[in-house]
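Chemist: Take a look at this one; I'll ask things after.
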Amino acid sequence: MGSVLLDHDLGPGGAWQHRWPSLTLATANPVHDLPGMPLEASTAQVRASEVVPGYFGRYEEHFGLDVQRPVHTSAVREGRGGRLDVETSEGTWHARAVLSATGTWERPFRPHYPGRFDGEQLHAADFRSAVPFRGRHVVVVGGGISAVQLLAEISRVAATTWVTRREPVWADGAFRPEDGRAAVARVEARVRAGLPPGSVVSVTGLLLTPELRAAREPGVLVRREMFTRLVPKGVEWADGEVQRAQVVLWCTGFRSSLDHLTPLHLRSPGGGITMDGALATRVAAEPRLHLLGYGPSASTIGANRAGRAAVREVRELLG
């Protein structure tokens, strides 16, 4: 059975190579070892955008993985002879099975709000450093891990306002493995029902790290409800109150990067893709296709186990 790995990026590491420079392994979500090669623990304070891609690159070299890059996959559609046609910038592959591990990084989500803002608008995916915000007022939008990490960093050099749709839920104390497994199980239940995945942090809550505790004391982590509109000089709430600002930073997450699967018509009435299989990586309506980085496997908590389960199920399918 032949196989090929197609990677859209220029180098190994996926989304990790594009993370902001101040994100280290100490402040990122845990990165679990890949099978057969541990990640050196001494690198906790080094940039995640350097450590993880370097680790993945060594892994590819050590195990002789045939990764072709950069290759852009434009579409996966029904082919002849029971195959799936994978159309790419380097030609078409005719596959008996496809594992689509496209994740979310290339689809940053920014909700629409009425009005016009004359300042600068960025998404968390665009963030590189807090230095350009020095002396300005930044409105940080979002209630996830990235939002609070960037809020704490920016607050050291700029005035900030934090807004979220829902009241944040804080998790005080160590994050236990069973907490992670419970969160993944709830996301898994959603995709098995054909619903959009939702985020793991919506289940786990926000862990109060030492850095966030330090930001909490001067009142940086005081949350306000969402504004109702943008105005030229800032944001405005329903009661007419205006917060003047020069920057709006949208830490509003990502959506699954699945446009290449559109020809297969996989969306369910619930708005998601109905999944099945041991760890909900197999598309129920198309057993030749597995999605890694969708639903429970989008988290570092469940990615390794999901990958192994998908490979086992593909081997069974192909006999």
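The values are calculated or read from the model by the stated rules, or taken from the named source; none is laboratory data. This structure is a prediction, so every number in the text was calculated from the model and none was measured. When we count neighbours, we look across all protein chains shown, and the Cβ atoms used for this are built from the backbone with ideal geometry, even at glycine.
Chemist: Has the stretch 290-298 got at least one residue that is buried (at least 20 other Cβ atoms within 10 Å of the Cβ), of a type in the set (G, A, S), in contact (Cβ under 8 Å) with a residue 24 or more places away in the chain and outside any loop (DSSP other than H, G, I, E, B)?
Modeler: Yes - at least one qualifying residue is present in the stretch 290-298.
Chemist: Can you go through E120, E87 and tell me which one is farther than 30 Å from R136 by Cα and modelled with pLDDT of 95 or more?
Modeler: E87
Chemist: A further question on this structure: For residues in the stretch 232-261 being of a type in the set (A, V, I, L, M, F, W, C) and within 20 Å of A158 (Cα to Cα), which is farthest from the chain's Cα centre (by Cα)?
Modeler: V242
Chemist: Can you pull out the residues in the stretch 284-302 that are within 12 Å of the chain's Cα centre (by Cα) and small (G, A, S)?
Modeler: G293, G295, S297, A298, S299
Chemist: Scan the helices (runs of 4 or more DSSP H) fully inside the stretch 142-246 and keep the ones with 2 or more residues being free of Cβ contacts under 8 Å to residues at least 40 places away in the same chain and of a type in the set (A, V, I, L, M, F, W, C).
Modeler: Hits in the stretch 142-246: 177-192.
Chemist: While we're here: Any residue that is within 19 Å of S74 (Cβ to Cβ) and either of a type in the set (D, E) or assigned to a helix (DSSP H, G or I) (or both) - is there at least one of those in the stretch 302-316?
Modeler: no
Chemist: Any residue in the stretch 23-34 that is more than 17 Å from R305 (Cα to Cα) sitting within a Cβ distance under 6 Å of a residue that is of a type in the set (G, A, S) and part of a loop (DSSP other than H, G, I, E, B)? List the pairs, counting only those 6 or more apart or interchain.
Modeler: Close Cβ pairs (under 6 Å, with a partner that is of a type in the set (G, A, S) and part of a loop (DSSP other than H, G, I, E, B)) amount to L25/A44; A26/A44.
Chemist: Let me ask something else about it. Take the conditions under 23 Å from the mean Cα position of the chain (by Cα), within 18 Å of S146 (Cα to Cα) and exposed (fewer than 13 other Cβ atoms within 10 Å of the Cβ) and apply them to P30. Does it pass?
Modeler: yes
Chemist: Let me ask something additional. Taking the stretch 146-190 as the region of interest, how many residues are among the aliphatic types (A, V, I, L, M), surrounded by fewer than 22 Cβ atoms within 10 Å (Cβ to Cβ) and modelled with pLDDT under 90?
Modeler: Qualifying residue count, the stretch 146-190: 5.
Chemist: Looking for something assigned to a loop (DSSP other than H, G, I, E, B), surrounded by 16 or more Cβ atoms within 10 Å (Cβ to Cβ) and free of Cβ contacts under 8 Å to residues at least 24 places away in the same chain - is there at least one such residue anywhere in the stretch 259-282?
Modeler: yes
Chemist: I need a count of the residues in the stretch 94-134 that are more than 28 Å from R156 (Cα to Cα), under 17 Å from the mean Cα position of the chain (by Cα) and not in a strand (DSSP E or B).
Modeler: 6
Chemist: Please determine whether any residue of the stretch 91-107 is touching a Phe, Trp or Tyr at 6+ places or on another chain (Cβ under 7 Å), among the aromatic types (F, W, Y) and touching a residue at least 60 places away in the same chain (Cβ under 8 Å).
Modeler: The answer is yes; a qualifying residue exists.
To keep it simple, each residue is scored yes or no on (1) hydroxyl-bearing (S, T, Y); (2) surrounded by fewer than 17 Cβ atoms within 10 Å (Cβ to Cβ).
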position: S74; (1), (2): yes, yes
position: G82; (1), (2): no, yes
position: T88; (1), (2): yes, no
position: A97; (1), (2): no, no
position: D118; (1), (2): no, yes
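Chemist: Still on this model: Which of (1) farther than 30 Å from T24 by Cα; (2) outside the structural domain of S129 (by TED's automatic domain parsing); (3) of a type in the set (V, I, T) does T281 not meet, given it meets every other one?
Modeler: Evaluating T281 over (1) farther than 30 Å from T24 by Cα; (2) outside the structural domain of S129 (by TED's automatic domain parsing); (3) of a type in the set (V, I, T) leaves (1) as the failure.
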